[in-house]
Each structure stands twice: as C-alpha cells, then as structure tokens.
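Just below is one structure, and these are the notes that go with it.
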Amino acid sequence: MAKFILFDLDGTLIDGVDDILFAMNDLLAAHGHAPLVRHDIEAMLGDGTWMLTKRAFAARGSEPSDAMLDELNVDFNARYVETDYAYTRLFEHAEPVLRQLKSDGWTIALASNKPEAPCKTILTKLGVADLFSVIAGGDSFEVKKPDGRFLEFVLGQLGFDRKADTAIMVGDHANDVDAARAAGIYVIGVAMEVDDTRAQSLGADGLTTDYLQLQNTITGITA
C-alpha cells in the first residue's frame, strides 16, 4: 500500500500574507484606493488570486467587470512576484515534519489554488521543493478546489490506486475539506494562524494547530 499526502500552501505550509498584502495594496493604490490591513486579506484568501483581487476591490467599493478583473489579476500577480516573497516563511516545524513524512514513505504533493509558478518558486526559495513529487497550482488543471477533480488530477499524476492506497489532504480552508470529500480521501484541517475553533468548524477527519501534532493526527485517522 502506497501513502500519499497533499498539502495546501497559504495558511497551511506557509505564512505569506505580508507579501500578498503588500502587492495588493500596491495595486489598490495604483487605482486610487486606500490600503487594506492584514486581517482584511486573511479573510479573502483561499479561492485563488482572481477572487482575491475581486474581493479586495469590492472592499473598497469598486466592482470591476470580469474583463477588467482579468487585467487586474495579471497586474496583481506581477506585483506579487516582484516582492520576491521576502516575508514568506514556513510555519514552525513544517520542514522537519515534511522530511520525516518523506522518510516514512509518504509521497508528498502540493495542491494549491495559488498559480503554479509562485508555488514552485516559494517552495524552492524555502528549501523544500525537493520533497514534493508534484507541485500543482490553481492554473495547473481545468478546475481547482473545492472541485474534487483537482485533487484527483494531482493523485493521478502520483499513480494513486484508490483500491489499495491511502491519501490525505491537509489544508486550512473549507475548500480543502470539500475537495477531499468530493475526491473520497481523508482530510486534516490545520489552524496555524488562528485558534482551533476555526479548524474544528471545517469538519475534517482530524485537526492540528502545530506541525509536531501532525503525525499523531495522521495515525489517528488512518489506523
């Protein structure tokens, strides 16, 4: 039996909010809008950068057309790349736990709604890209989370056998749980930036607020 574990990125493996906030406020300023604060951006994350851009402008009383949002999203992503992810960091204990999972025979993949290119760049910059057999972003497939077909796409690339293998999705958002349910795999909710009340509300099979707890959580849902 093979073992596969998929991770979300933002809010799950990394805290990248400050770089996202900087890029979005830079974009908003270019269009005459006041800046957002970190709490605002945190509440808008989870559905990809296009929706993030839409929500950010809506928060400033602007409702661009879809065509304009396409352009704004491209602009946001360019500004985000320009940050060079200077303040993005892995959550505490994430790297050693990932390395232990790899050592224990887990095949690790990324399944994020963030575009694929920054996912790869960030994981490389943080020194953990080598641990991931597949790095998939929101533009890697025709659908993204919460559509379970996105996870099925990632698992298919890994050679997952539904009848014989074990697969787990790890994420901090309802989209992660919904996608895992649709794909018929286990799911663990994490809350690295907030208390565990939010993680519990996700309705996952297990939850953790510290990466040092993750192995016990995995054992608890798969034993």
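The values are calculated or read from the model by the stated rules, or taken from the named source; none is laboratory data. Source: prediction; values computed, not measured. Glycine also receives a Cβ, built like all others from the backbone with ideal geometry; neighbour counts cover every protein chain displayed. SASA here: full protein model, heavy atoms, side chains in, ligands and nucleic acids out. Shrake-Rupley method; radii C 1.70, N 1.55, O 1.52, S 1.80 Å.
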- Task: Say whether the condition of being of a type outside the set (A, V, I, L, M), touching a strand residue (DSSP E or B) at 6+ places or on another chain (Cβ under 7 Å), under 25 Å from Gln100 (Cβ atoms) and open to solvent by 70 Å² or more (accessible area, probe 1.4 Å) is met by at least one residue in the stretch 181-188.
- Result: yes
- Message: What are the pairs with Cβ atoms under 8 angstrom where one residue, in the stretch 153-165, is crowded, with 17+ Cβ neighbours inside 10 Å and the other, located anywhere, is assigned to a helix (DSSP H, G or I)? Sequence gap at least six, or different chains.
- Response: Leu155/Ala183
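Residues that are of a type outside the set (Phe, Trp, Tyr), in contact (Cβ under 8 Å) with a residue 24 or more places away in the chain and open to solvent by less than 50 Å² (accessible area, probe 1.4 Å), at least 3 per element: which helices (runs of 4 or more DSSP H) completely within the stretch 1-94 meet that?
In the stretch 1-94, 17-30, 49-59, 66-82 are the helices (runs of 4 or more DSSP H) which contain 3 or more residues that are of a type outside the set (Phe, Trp, Tyr), in contact (Cβ under 8 Å) with a residue 24 or more places away in the chain and open to solvent by less than 50 Å² (accessible area, probe 1.4 Å).
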- Go through (1) part of a helix (DSSP H, G or I); (2) in contact (Cβ under 8 Å) with a residue 12 or more places away in the chain; (3) touching a Gly at 6+ places or on another chain (Cβ under 9 Å); (4) open to solvent by 50 Å² or more (accessible area, probe 1.4 Å) one by one and return the number of the condition Ile218 breaks. (4)
- Note on the structure: Listed by first then second residue, the pairs whose first member lies in the stretch 166-194 and is among the hydroxyl-bearing types (Ser, Thr, Tyr), whose partner is open to solvent by 10 Å² or more (accessible area, probe 1.4 Å) and not in a helix (DSSP H, G or I), with beta carbons under 6 Å and at least 6 positions apart or on separate chains, are Thr166/Lys3; Tyr186/Asp205
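Of all residues being over 27 Å from Gln215 (Cβ atoms) and open to solvent by 50 Å² or more (accessible area, probe 1.4 Å) in the stretch 134-152, which is nearest to the chain's Cα centre (by Cα)? Just the residue, please. Outline the logic, then answer.
So in the stretch 134-152, the residues over 27 Å from Gln215 (Cβ atoms) come out as 138-144, 147, 149.
From what's left, open to solvent by 50 Å² or more (accessible area, probe 1.4 Å): 139, 141-142, 144, 149.
Details: Asp139: 13, Phe141: 15, Glu142: 17, Lys144: 11, Arg149: 16 Å.
In this case the residue turns out to be Lys144.
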